[in-house]
Every structure is written in structure tokens, then in C-alpha cells.
Amino acid sequence: MRYPIVIELGDQDTAYSVIVPDLPGCFSAGDSFDEAITNATEAMTLWIEEEIKEGRSIPRPSTLESLKQLKDYEGPEWVWGFASVDPALFEEKAERINITIPRRILARLDAQAKAAGETRSGYIAHMAMTF
């Protein structure tokens, strides 16, 4: 899924900053143009994961044309671009998987899941989202 981003150009002394207008409060920076876009993608992923965790809906990307109408980003110091996030972040559908791990680890996993009051699958999902 591609979101429009607006990049404030940097130089030797100032980082490039990136704002994602469709995701309020989502911004990033980098020492180079490429690094700024890479960091923006990571910031977008974290922003979306947090919103999902809090049970909030995720805005769909606006058109570039509609965002260019915003007066906040006029001028030669701003450049428009796009950054992508994996659409799988939006999916809530459960998927059955098959994993192979040693029994001693499975026993430990099951004990930790029980202590946390969760199923094995729920505990694995929770652990994956907290690291």
C-alpha cells in the first residue's frame, strides 16, 4: 500500500524530514534522501501497528493531487513522493501455520502462555508484536 509522503529537503547540516499527511503524527528523518524514505517506511509500519493495537481504524491513502492542495507543503523545500507499507499489516484474518520446535521449548512456551492466561497461538502472536 503506497502512501504519499512529503519530504523537506536537507543538506550537509540538516537532516531530510518526512511527513506522512494521511497518518497524523507519523514523521521521520534521515541524513540522506534515501535514508529518510527508508525511515519513513519504518515509522509508517510502527504507526499502523500501534493504531491496530489500540483498535483504531487505519486511514486509506489520499490521492497525491488532493494532498498537493494543502498550503502547509508549498515551496521549493518540499518534495512529494511515496512510501509503501505491507498490506498484510491490515489483515486480521487468522492463518493456520505449522512450526517445528523442540518439545522442551514447546513445554516452556505452553507454561508461559498458561501463566499469561492466553492460548499458545495468542501468546506467540503477542510475543511477536512486543519485540
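What follows draws every value from the coordinates through simple rules; no lab data is involved. Just so it is clear, the structure is predicted and the values come from calculations on it, not from any experiment. All Cβ positions, even for glycine, are placed from backbone atoms using ideal geometry, and neighbour counts span all protein chains on display.
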Assertion target for Leu106, Leu67, ordered by fewest C-beta neighbours within 10 angstrom first, is Leu106, Leu67
Express in nm, to one decimal, how much length is gained between Asp31 and Thr63 on full extension, taking 0.36 nm for each residue of separation and deducting their alpha carbon distance. 8.8 nm
Taking alpha-carbon centroids only, segment 77-119 lies from segment 48-72 a number of Å equal to 24
Ascending count of other beta-carbon atoms within 10 Å, so fewest first, for Ile124, Ile105, Ile5, Ile37: Ile105, Ile124, Ile37, Ile5
Could you name the lysines whose alpha carbon sits less than 20 Å from that of Lys53, not counting residues in the same chain fewer than 8 places away? Lys93
Spin-label pair Leu9/Phe90, simplified geometry with 7 Å Cα→Cβ offset, distance in nm: 3.3
May I ask you to compute the full-extension gain from Ile99 to Thr130, defined as 0.36 nm times their residue separation minus their alpha-carbon distance, rounded to one decimal in nm? 9.2 nm
